[in-house]
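First up is the structure itself, then whatever we jot down about it.
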Amino acid sequence: MWREMAAVLGIDMTMNLEGIHHVSSITGNAQANVDFYAGVLGLRLVKKTVNQDDPTVYHLFYGDDKGSPGLDLTFFEYPGAERGRAGQGMIHRIVLRVASEPALDFWERRLGTAERSRGSLLFEDPEGLGLELRVVDGQDAPLTATHPEIPAEHAIRGFEEVRAYTADPERSRSLLENGLGFIKDGGMSWIARGESRGGRYIYDPAPAERGVPGAGTVHHVAWASLDDEQLKWRDRVIGEGAHPTPVIDRFWFKSVYFREPSGVLFEVATMGPGFAVDEDPEHLGEKLVLPPRFEHLRGQLEETLTPIRVPAGAGKS
Ligand code: ZN
């Protein structure tokens with residue numbers, strides 16, 4: 001039915017999103033955040049920059065050695081921000097892939113406090129952000145970072161899913177399926193799979209307590225679009241009643257934001273041009289990098305931003 005209607009409307013049903021591009025969250029302490037994501041989880045700090053909507057604060061990006069879409073955890077720092085709490089319309093857990101049960105054994109030892117079950121390890125970052133490592137034996141190429149304390153076979157390999165709270169998943173269904181081409185693969189589970197990668201979007205029943213944005217909460221999830229399809233995705237979500245922003249040039253990728261009906265902030269981000277556009281890929285994340293339109297603020301920002309130190313050995317490939 002939808003396919004026939006899509007054909008009449010001239011909508012391209014062959015177009016697919018390439019899974020999760022990045023997930024952006026909030027931290028109250030950039031140094032503790034670097035110590036955990038680069039130092040403990042062994043991700044590479046691939047870009048140290050500022051929030052383009054508020055250049056007085058850091059925006060940190062962690063990923064694989066190349067800073068690929070598909071493993072890109074980003075954090076906006078609000079120094080001293082109070083801890084938040086995920087509730088209705090918020091993502092409450094980010095699920096990352098590992099290769100095997102022995103990898104989970106390794107991480108269980110390394111993390112100390114984590115809840116182990118078959119194929120899964122649940123834990124939190126230092127500010128309470130829900131994380132999970134899951135054994136996924138999928139077709140996607142692993143996206144890994146090199147870290148001296150983490151054997152390559154145990155390294156984190158990319159995003160698997162994000163889990164959000166909602167009381168009423170049905171109200172988001174048409175946007176997810178008809179607007180974004182997600183395929184339903186379970187009660188409250190959808191998959192976005194393109195040519196090279198896939199990722200899942202899952203709802204869990206919302207807790208009674210209201211969510212509170214703050215440190216340790218997710219700000220938005222970005223889905224990866226081929227560069228020349230982003231405007232078509234924008235048109236499609238408008239057709240589903242969403243109110244996307246215009247295309248915003250984030251310099252390393254282009255972004256369109258909108259809220260899905262359950263309240264979660266979504267972004268559709270282009271795969272390119274990527275983080276190596278303005279830095280030597282061998283030295284990603286070492287210096288404060290500013291998009292050209294913020295370069296005039298460099299002197300001031302270097303004085304006001306708290307310097308951060310990347311743990312020894314992390315981020316070197
Ligand atoms: Zn984003």
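The values are calculated or read from the model by the stated rules, or taken from the named source; none is laboratory data. Just so you know, these numbers come straight off a predicted model, no measurement behind them. We place every Cβ from the backbone using ideal geometry, glycine too, and count neighbours over all the protein chains shown. The accessibility values were calculated without ligands, DNA or RNA, using every heavy atom of the protein model including side chains. Shrake-Rupley method; radii C 1.70, N 1.55, O 1.52, S 1.80 Å.
Tabulated data for the structure shown
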| item | result |
| --- | --- |
| Of all residues in region 264-273 being out of contact with any His (no Cβ under 7 Å at 6 or more places or on another chain) and open to solvent by 20 Å² or more (accessible area, probe 1.4 Å), the one that is farthest from the ligand (Cβ to nearest atom) | 273 |
| Residue count, region 201-223 (criterion: free of Cβ contacts under 8 Å to residues at least 60 places away in the same chain and more than 16 Å from the ligand (Cβ to nearest atom)) | 4 |
| First in region 227-250 and open to solvent by less than 30 Å² (accessible area, probe 1.4 Å), second anywhere and part of a helix (DSSP H, G or I) and not acidic (Asp, Glu), Cβ under 7 Å, 6 or more apart | 236/179; 237/175; 237/179; 242/175; 242/179; 244/234; 244/237; 244/238 |
| Within region 251-263, considering residues that are in a loop (DSSP other than H, G, I, E, B) and surrounded by 22 or more Cβ atoms within 10 Å (Cβ to Cβ), the one farthest from the ligand (Cβ to nearest atom) | 262 |
| Members of region 34-62 found to be more than 13 Å from the ligand (Cβ to nearest atom), more than 23 Å from residue 199 (Cβ to Cβ) and either part of a strand (DSSP E or B) or polar (S, T, N, Q) (or both), listed by number | 48, 50, 54, 55, 56, 57, 58 |
| Test result for residue 44, surrounded by 23 or more Cβ atoms within 10 Å (Cβ to Cβ), among the charged types (D, E, K, R) and touching a residue at least 12 places away in the same chain (Cβ under 8 Å) | yes |
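For (1) open to solvent by less than 20 Å² (accessible area, probe 1.4 Å); (2) closer than 13 Å to residue 216 by Cα; (3) touching an Asp or Glu at 6+ places or on another chain (Cβ under 6 Å), each residue gets a yes or a no:
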residue: 75; (1), (2), (3): yes, yes, no
residue: 92; (1), (2), (3): no, yes, no
residue: 101; (1), (2), (3): no, no, no
residue: 107; (1), (2), (3): yes, no, no
residue: 122; (1), (2), (3): no, no, yes
residue: 125; (1), (2), (3): yes, yes, no
residue: 136; (1), (2), (3): no, no, yes
